[in-house]
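Notes follow the structure.
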Amino acid sequence: MTLIDWDENKPQPTEYIDYYEDYIDLVTTPNVVQQLIGQGQEVYALIRKLSDERADYRYAKAKWSIKEVIGHLIDTERIMACRTLCVARGEQQSLPGFDQDEYVRQAQFGKRSLQSLMAEYDAQRNANISLFSSFNEPQINKAGAADGATISVRALVYIIAGHERHHLNVLEEKYGINT
């Protein structure tokens with residue numbers, strides 16, 4: 001078995017539910033792992049620009065702060081990476097969904113420093129890049145069940161990258177932060 005070359009390996013619509021299509025469409029490079037590496041550098045640069053006070057900014061009362069957006073990226077990537085590992089390893093049980101708003105509320109990201117969020121983000125991103133780079137063709141083609149729907153390993157990796165791109169775009173458009 002050889003490790004997968006992620007170039008030109010975009011998931012097909014049969015590998016995920018329609019909800020994820022917008023995220024998958026935000027993967028603009030031929031190699032999704034390279035996009036994850038580049039986005040990691042963007043997030044690092046973004047966090048370095050911010051003070052802890054600025055990171056508490058919300059563009060509207062009921063919206064997440066910048067720290068909460070970063071924390072949400074961490075949580076979502078962790079959950080999607082766990083799903084990726086489980087499906088790649090042949091898990092037969094359906095994996096649970098999650099309530100993103102409740103996760104953010106429970107995490108209390110606003111009480112953390114930017115440095116602690118960055119350290120967690122970096123550790124997780126680096127571990128996930130190693131994991132995704134270890135997959136071979138049969139593994140990325142595996143599908144399993146998560147949140148009541150069928151999804152492939154390949155789609156999950158694309159969702160992580162597209163989800164992050166979506167939130168980087170929101171940070172630029174709504175929070176006025178150039179990434």
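Points to keep in mind about this one:
- Answer from Lys49, Lys67 - the residue that is closer than 17 Å to Asn169 by Cα, basic (Lys, Arg) and at pLDDT 95 or above: Lys67
- Test for Ile79: is it of a type in the set (A, V, I, L, M), out of contact with any Lys or Arg (no Cβ under 9 Å at 6 or more places or on another chain), part of a helix (DSSP H, G or I) and free of Cβ contacts under 8 Å to residues at least 40 places away in the same chain: yes
- Reported count of residues in segment 126-146, each being within 16 Å of the chain's Cα centre (by Cα) and loosely packed, with under 15 Cβ neighbours inside 10 Å, is 5.
- Among the residues of segment 109-123, those identified as under 15 Å from the mean Cα position of the chain (by Cα) and within 13 Å of His72 (Cα to Cα) are Leu117, Met118, Glu120, Tyr121.
- Considering Ala62, Ala81, Ala107, Ala123, the condition of being of a type in the set (A, V, I, L, M, F, W, C), closer than 22 Å to Ile47 by Cβ and exposed (fewer than 12 other Cβ atoms within 10 Å of the Cβ) is satisfied by Ala123 alone.
- Complete set of residues in segment 163-179 that are part of a loop (DSSP other than H, G, I, E, B) and touching a helix residue (DSSP H, G or I) at 6+ places or on another chain (Cβ under 7 Å): Ile177, Asn178, Thr179
- Filtered residues of segment 86-102 (kept if surrounded by 17 or more Cβ atoms within 10 Å (Cβ to Cβ) and in a helix (DSSP H, G or I)): Cys86, Val87, Ala88
- Every listed requirement among (1) polar (S, T, N, Q); (2) under 17 Å from the mean Cα position of the chain (by Cα); (3) more than 16 Å from Val33 (Cβ to Cβ); (4) modelled with pLDDT of 95 or more is met by Gln106 save one, (2).
- Among the residues of segment 63-110, those identified as farther than 14 Å from Lys142 by Cα and of a type in the set (Val, Ile, Thr) are Ile66, Val69, Ile70, Ile74, Thr76, Ile79, Val104.
The values are calculated or read from the model by the stated rules, or taken from the named source; none is laboratory data. Bear in mind the structure is a predicted one, so any value in this text is a computation, not a measurement. A quick note on method: Cβ atoms are made from the backbone with ideal geometry, for glycine too, and the neighbour counts reach across all protein chains shown.
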